[in-house]
Amino acid sequence: MNRSLSLLLVGALGCAQAGVGVVVPIATLGTATASGHSTFCGGASSDSTVYDTTQVTTRPILYEAQRLKYPAKARARGVEGRVLLAVTINADGRPDLPSIQTISSPDSELTDAALRWVRTAKFEPVCRATEAVRVRVAIPVDFKREL
């Protein structure tokens with residue numbers, strides 16, 4: 001991928017309907033191996049500290065999630081936009097469910113759909129030196145109606 005062409009990577013992630021995507025800023029992405037997953041960084045740390053992406057040696061890489069669904073009622077009303085979520089990714093790569101917060105959203109139905117989706121997400125463990133640690137990330141989820 002040519003990083004100079006775009007500041008954002010848009011992944012459809014097997015969306016059930018066109019016009020729905022998850023936007024992951026390149027700054028939060030790690031490097032995947034040929035198998036599509038990054039190299040595991042080692043054992044999980046017993047440290048419960050939550051780091052930000054500037055304090056870790058590898059970045060979160062999304063590798064699995066359920067389909068993101070555009071709510072039919074919101075689509076019919078013409079509602080679209082970005083839901084921005086703040087999420088702590090645990091050392092095992094799963095979202096820490098109590099940590100999920102909505103930073104901004106244009107509509108409560110879009111918020112609910114984005115929250116349902118992120119709860120199913122799985123990331124490669126994030127590394128600090130050689131240990132998997134917890135990290136806080138912002139995850140934008142875009143909903144756009146196609147004409």
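Please calculate how many Å² of accessible area the stretch 44-147 carries per residue, with a 1.4 Å probe and no DNA, RNA or ligand atoms counted. Before the final figure, lay out each step's value.
Values: 5410 Å² over 104 residues.
Roughly 52 Å² per residue, with all protein chains present.
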Provide the net charge surrounding residue 69, with neighbours chosen by a C-beta distance below 11 Å and charges set as Lys +1, Arg +1, Asp -1, Glu -1. +1
Write out the GluC sites (Glu not before Pro) in the stretch 46-147 meeting two conditions: DSSP loop, and at most 11 other Cβ atoms within 10 Å of their Cβ. 146
For the residue pair residue 67 and residue 103, what label-to-label distance in nm results when each label sits 7 Å from Cα along the Cα-to-beta-carbon direction? 2.9 nm
Under 12 Å from the Cα of residue 73 - aspartates and glutamates, other chains or at least 8 residues apart: 107, 109
Around residue 48 (Cβ within 14 Å, Cβ-to-Cβ, excluding residue 48; K/R +1, D/E -1) the net charge comes to -1
Where labels lie 7 Å past Cα in the beta-carbon direction, separation of residue 122 and residue 145 in nm: 3.6 nm
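The values are calculated or read from the model by the stated rules, or taken from the named source; none is laboratory data. Fair warning: this is a prediction, and the values are worked out from it, not measured in the lab. Every residue, glycine among them, receives a Cβ derived from its backbone with ideal geometry; neighbour counts consider all protein chains shown. Keep in mind that these areas ignore ligands, DNA and RNA; they rest on the heavy atoms of the full protein, side chains included. Shrake-Rupley method; radii C 1.70, N 1.55, O 1.52, S 1.80 Å.
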